[in-house]
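Trainee: To start, I am sharing the structure in question, which I have written as structure tokens.
The values are calculated or read from the model by the stated rules, or taken from the named source; none is laboratory data. Please read all numbers here as calculations on a predicted model, not as lab measurements. Note that we place each Cβ from the backbone using ideal geometry, even for glycine, and neighbour counts take in every protein chain shown. The protein model used for the area step is the full one, side chains on, heavy atoms only, and it has no ligands, DNA or RNA in it. Shrake-Rupley method; radii C 1.70, N 1.55, O 1.52, S 1.80 Å.
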Amino acid sequence: MSRPITIFTGQWGDLPFDELASKMSEIGYEGLELACAGDHFDVNAALEDDGYWPAKKAALQKYGLNCWAISNHCVGQCVLDNIDSRHKTVVPAHVWGDGDPAGVNARAAEELKKTARAAAKGGVKVVTGFTGSSIWPYLYSFPPVPQSTIDDGFKLLAERFIPILDVFQECGVKFALEVHPTEIAFDIYTTEMALKALDYHPAFGFNFDPSHLVWQGVDPVEFIRMFPDRIFHVHVKDAAVTLNGKSGILASHINFGDRRRGWDFRSPGHGDVNFEEIIRELNVIGYTGPLSVEWEDSGMERFYGARDAFNYVKEIDFSPSNIAFDAAFDRDIQS
């Protein structure tokens, strides 16, 4: 099995598409997970201009690249979030509009539907993203949060996302939520709650990213085992827990890259994620899609990191055995 190794372009939004494609192709990447940012991917242009996709594909092919997934994480975040000034910096101006929270929620939902249609127009079968969460501020239940408040948050997920997912289903595209703190589903149990709230919608699954689970103390392999038929896409990203007696797991409002944090993201292979066990479990469930590097490491120069990550993923991705090791002793199959 040779899963394509791709890279997510979200953290490279300051670079023009052509420059980024050239550099990643030179390293060896086989594709780009295109973020809806900068000139990497434009949802509305893809829908309105019949020449957009052919030109984008020609630009990818120029560098020997492909596209298996499109990301619209930041827009998805605004579907369920309680909107405030932070969101203005991460969404397109036409989604932000006048900033009225209900309007932003509604426009973000419509933009996700458009993203499904744009992906389908280009033959891309997966859109990765976020949902946001109206109940994330209640993570620590004090003052005491009644269960009805949490239940209402999952009801809101169903109310706002089932119409979105219906469009995805009509388009033949999957929505792959990146299970992640600040999302409605951020660990195994909340993922179960989200699936139940959405009545196990066939278009809803996951962009599996172990880095968001490992620092919480959740075993990423157990996540794969719990939801084997819902792993639609895979991010390769690492995280390291750096608790030292002073730092805390909630990170003390200290930004990424600061050594005082209790955990931080790392380039693949430089943190606490056991990628060998993940590869073994992906083999068990028959996942053959991309291994998409999401490169985030404040302590490493990013182009060095992109090359280092590619080499690491290439080294650790192995196929399952096509024969039981002890079967070789069977005389009936010996030559």
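Trainee: Ignoring trypsin sites (Lys or Arg not before Pro) that are buried or in helix or strand per DSSP, and keeping those with at most 14 other beta carbon atoms within 10 Å, what is the longest stretch of the chain between them?
Mentor: 1-245
Trainee: What nm distance separates the two modelled labels at VAL241 and LYS314, each placed 7 Å from Cα along Cα→Cβ?
Mentor: Simple spin-label model gives 3.3 nm for this pair.
Trainee: Follow-up question, since we're still on this one. Applying the Karplus parametrisation 6.51 cos²θ - 1.76 cosθ + 1.60 with θ = phi - 60° to the phi angles of the stretch 244-259, what ³J(HN,Hα) value in whole Hz is obtained for each residue in order, glycine and proline being reported as x?
Mentor: Karplus values, whole Hz, x for Gly and Pro: 9, x, 9, 7, x, 5, 8, 6, 6, 6, 9, 5, 4, x, 8, 5.
Trainee: How much net charge surrounds HIS235 when only the other residues with a Cβ under 9 Å from the Cβ of HIS235 are counted, with Lys and Arg +1 and Asp and Glu -1?
Mentor: -3
Trainee: Moving on. Could you list which residues have their amide H under 5 Å from that of ASN82, counting only those 5 or more apart in sequence or on another chain, with H placed in the peptide plane?
Mentor: When sequence neighbours closer than 5 places are left aside, the close amide H contacts are SER133.
Trainee: May I ask which of LYS237/LYS314; LYS114/LYS196; LYS125/LYS155; LYS121/LYS314 have a Cα-Cα span longer than 22 Å here? Before the final figure, lay out each step's value.
Mentor: Details: LYS237/LYS314 14 Å; LYS114/LYS196 25 Å; LYS125/LYS155 27 Å; LYS121/LYS314 31 Å.
From the list (LYS237/LYS314; LYS114/LYS196; LYS125/LYS155; LYS121/LYS314), the Cα-Cα distance tops 22 Å for LYS114/LYS196; LYS125/LYS155; LYS121/LYS314.
Trainee: Report, in whole Å, the centroid distance computed from the Cα atoms of the stretch 1-71 and the stretch 140-154.
Mentor: First find each Cα centre; the distance between them is then 41 Å.
Trainee: Select from ALA59, ALA45, ALA116 the residue whose mean-square fluctuation is largest in a Gaussian network model of the chain (Cα-Cα springs shorter than 10 Å).
Mentor: Between ALA59, ALA45, ALA116, it is ALA45 that shows the largest mean-square fluctuation.
Trainee: Quantify, in whole percent, the carbon and sulfur part of the accessible surface of the stretch 75-204 (1.4 Å probe; protein heavy atoms only).
Mentor: Using a 1.4 Å probe with all protein chains present, the stretch 75-204 comes out at 58 percent carbon and sulfur.
Trainee: For the pair GLN147 and PHE303, what calculated FRET efficiency results from E = 1/(1 + (r/R0)^6), where r is the Cβ-Cβ distance and R0 = 30 Å, to the nearest 0.05?
Mentor: According to the calculation, E is roughly 0.05.
Trainee: If you take every DSSP beta bridge fully contained in the chain, what fraction is antiparallel? Give it as a percent rounded to 5.
Mentor: So the antiparallel bridges in the chain amount to around 15 percent.
Trainee: Now a separate question. Per residue, how large is the accessible surface of the stretch 124-223? Use a 1.4 angstrom probe and give square angstrom.
Mentor: Heavy-atom SASA per residue in the stretch 124-223 reads 42 Å².
Trainee: Can you work out ³J(HN,Hα) from phi for every residue in the stretch 116-132, in order, using Karplus 6.51 cos²θ - 1.76 cosθ + 1.60 and θ = phi - 60°, giving whole Hz and x for Gly and Pro?
Mentor: 4, 5, 5, 4, 4, 4, x, x, 8, 9, 9, 10, 8, x, 10, 10, x
Trainee: Based solely on its DSSP helices, what 222 nm [θ] is calculated for the chain when runs of n ≥ 4 H residues each add -39,500 (n - 2.57) and the sum is averaged over all residues, nearest 500 deg cm²/dmol? Mind dumping the intermediate values first?
Mentor: Details: 12 runs with 133 residues, N = 335.
Helix-only estimate at 222 nm: -12000 deg cm²/dmol.
Trainee: Which whole-number percent is the relative contact order of the chain (Cα, under 8 Å, 6+ apart)?
Mentor: That works out to 16 percent.
Trainee: Under a cut-off of 16 Å between alpha-carbon atoms, report the lysines in cross-link reach of LYS23, not counting same-chain residues fewer than 8 places apart.
Mentor: LYS62
Trainee: Starting at the first residue of the stretch 158-167, write each ³J(HN,Hα) from the Karplus equation 6.51 cos²θ - 1.76 cosθ + 1.60 with θ = phi - 60°, in whole Hz, x for Gly and Pro.
Mentor: Coupling constants for the stretch 158-167: 5, 4, 8, 9, 4, x, 5, 5, 4, 5 Hz.
Trainee: Send over the per residue convex hull volume for the chain, Cα only, as a whole number of Å³.
Mentor: Hull volume over Cα atoms, normalised by residue count, gives 171 Å³.
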